[in-house]
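The values are calculated or read from the model by the stated rules, or taken from the named source; none is laboratory data. These figures come from a predicted structure and were not determined experimentally. Every residue, glycine as well, gets a Cβ built from its backbone with ideal geometry; the counts of neighbours run over all protein chains shown.
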Amino acid sequence: MTATDPHRSIQAVFRIEAPRLIAGLSRMVRDVGRAEDLAQEAFVRALEEWPKTGVPEKPGAWLITVAKRQAIDEIRRSKRIEQKHEALGREIDEPPEIAIARLEASIDEDFGDDLLRLIFVACHPVLPSEARVALTLRLLGGLTTPEIARAFLVAEATVAQRIVRAKRTLAKARIPFEVPTGIDRAARLSSVLEVIYLIFNEGYTATAGEDWLRPALCDEALRLGRVLAELAPSEPEIHGLVALMEIQASRSRARVGPTGEPVLLLDQNRALWDHLLIGRGLAALDRSEALGGSMGPYALQAAIAACHARARRPEDTDWKRIAAVYEMLALVTPSPIVELNRAVAVGMAYGPEAGLKLVDELRGDPALEHYHLLPSVRGDLLQKLGRFGEAQQEFERAAALTQNERERALLRTRAAALDHQEQ
């Protein structure tokens, strides 16, 4: 064993324990930023002691005991929150063995509630979207600032500023460390699901850079979604989002060619699809539907993904069903991007001319002015109609708009292939 092995083991343990530790501490100190600081200080103590004593049998209990002692010391020094000081002081005055055993039991009991509270705090709508994503990955995903910066291709300083500002905003707004109820819960849940799906989407199709996929982000989003589904099992849209991510993630191996180039859905080798993930996704979709009520946007998107997952061959895909579900999705969450996706499905179900008619209706929409998939979709439909010169222009325009190098190369290849096909 090398000298670095103990540190790597401790880092792995901390990454697993950190969300639960920060959640428990946040409930105690009512400050997410301070809770993370206390967790980091406990981690430093672990790095000092565990290489000599070994990793404790219950590392989570060890870490939270150390962090609580530090918090109590601070309370004593500042002479604030006297009532909490007395209560916590009685806990630490117990013999260490009893305190650790009791603390571990209380952690297990409070874990779900604390973690659910932390998810709702980190994804609070008072924060801008990019700050919610960064804070969620930091607190719940256990990613470091450099890791988040690399994942989203932004400067480390930018990510660090987002996280610091997010903590300050939460503290200044005095966001309660609680699971909201009623209308507020519905609004906040929408924010939570949006953040998790933003993380997944950035991993599934990177917006910029040289990689088409960033699997680590997909894995983190899936893990967060699965945890949330366990913590709030009666929310159908949570299961809908998990279903959507499971099914989409099942295609990961088939979406990239031997040299890292993108492989489009209809060209993928479906034998490479992960049928375990498909099974999990379909089961999650069943759970969402079994809870009743009208299907939300994530469940509807999962239903579309399920149509693809159930088709053994591209030609077996039920495109009419997909087009109909997209029409339902457009009613639930109207947006030009949903309409563009519906146009693709209509083109597959009823012919490229029908799809092109819908796409052309979107060409003047300012929201899609710089969206590379609009000319990409239009180019595909024009190619199917034999209008190769126009299609080539659209693929070239799409290539100029995308920031992802792999996608740009694919679009340029498609444009070049049409050089000699114009009649």
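If you go through the range 306-320 and keep only what is in contact with a Cys (Cβ under 9 Å, 6 or more places away or on another chain) and over 10 Å from Val346 (Cα atoms), you end up with Thr317, Asp318. For Asp419, the conditions (1) farther than 30 Å from Val332 by Cα; (2) in a helix (DSSP H, G or I) are fulfilled apart from (2).
Would you confirm, using the coordinates I've provided, whether Ser288 is surrounded by 16 or more Cβ atoms within 10 Å (Cβ to Cβ) and either in contact with a Gly (Cβ under 8 Å, 6 or more places away or on another chain) or closer than 27 Å to Ala398 by Cβ (or both)? When the stated conditions are applied, Ser288 passes them. The set of residues from the range 288-301 being small (Gly, Ala, Ser), under 16 Å from Tyr326 (Cα atoms) and touching a residue at least 40 places away in the same chain (Cβ under 8 Å) comprises Gly296, Ala299.
Per-residue answers, yes or no, for (1) of a type in the set (Asp, Glu); (2) modelled with pLDDT of 90 or more; (3) in contact with a strand residue (DSSP E or B) (Cβ under 8 Å, 6 or more places away or on another chain):
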position	(1), (2), (3)
His370	no, no, no
Gly379	no, yes, no
Leu410	no, yes, yes
Thr413	no, yes, no
Asp419	yes, no, no
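Of Leu340, Leu401, Leu373, all but one fail to be among the aliphatic types (A, V, I, L, M), without any contact (Cβ under 8 Å) to a residue 60 or more places away in the chain and more than 27 Å from Asp318 (Cβ to Cβ); the exception is Leu401.
Each row is one residue, and each column tells you yes or no for (1) touching a residue at least 40 places away in the same chain (Cβ under 8 Å); (2) surrounded by fewer than 18 Cβ atoms within 10 Å (Cβ to Cβ); (3) closer than 21 Å to Thr402 by Cα.
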residue	(1), (2), (3)
Leu277	no, no, no
Ala303	no, no, no
Arg321	no, yes, no
Ala324	no, yes, no
Leu358	no, no, no
Arg363	no, yes, yes
Ala367	no, yes, yes
Arg378	no, no, yes
Leu382	no, no, yes
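For the range 131-241, the helices (runs of 4 or more DSSP H) that sit wholly inside it and include 2 or more residues that are crowded, with 21+ Cβ neighbours inside 10 Å and more than 18 Å from the chain's Cα centre (by Cα) are 156-172. Filtered by the rule that a residue be farther than 20 Å from Thr207 by Cβ, in contact with a Phe, Trp or Tyr (Cβ under 7 Å, 6 or more places away or on another chain) and hydrophobic (A, V, I, L, M, F, W, C), the range 392-423 gives Ala415, Leu418. Yes or no: Ile119 among the aliphatic types (A, V, I, L, M), modelled with pLDDT of 65 or more and on the phi < 0 side of the Ramachandran plot? Spelling it out, Ile119 is indeed among the aliphatic types (A, V, I, L, M), modelled with pLDDT of 65 or more and on the phi < 0 side of the Ramachandran plot.
When only residues in the range 111-130 that are in contact with a Phe, Trp or Tyr (Cβ under 9 Å, 6 or more places away or on another chain) and within 16 Å of Gly33 (Cβ to Cβ) count, which is surrounded by the fewest Cβ atoms within 10 Å (Cβ to Cβ)? For the range 111-130, the residue satisfying everything is Arg117. For the condition at pLDDT 90 or above and either surrounded by fewer than 17 Cβ atoms within 10 Å (Cβ to Cβ) or of a type in the set (Asp, Glu) (or both), Glu394 qualifies. Being within 27 Å of the chain's Cα centre (by Cα) and aromatic (Phe, Trp, Tyr) is not true of Tyr350. Screening Ile238, Ile183 for residues that are out of contact with any strand residue (DSSP E or B) (no Cβ under 8 Å at 6 or more places or on another chain) and without any contact (Cβ under 8 Å) to a residue 12 or more places away in the chain leaves exactly one candidate, Ile183.
If you go through the range 243-298 and keep only what is β-branched (Val, Ile, Thr) and closer than 25 Å to Ser335 by Cβ, you end up with just Ile247.
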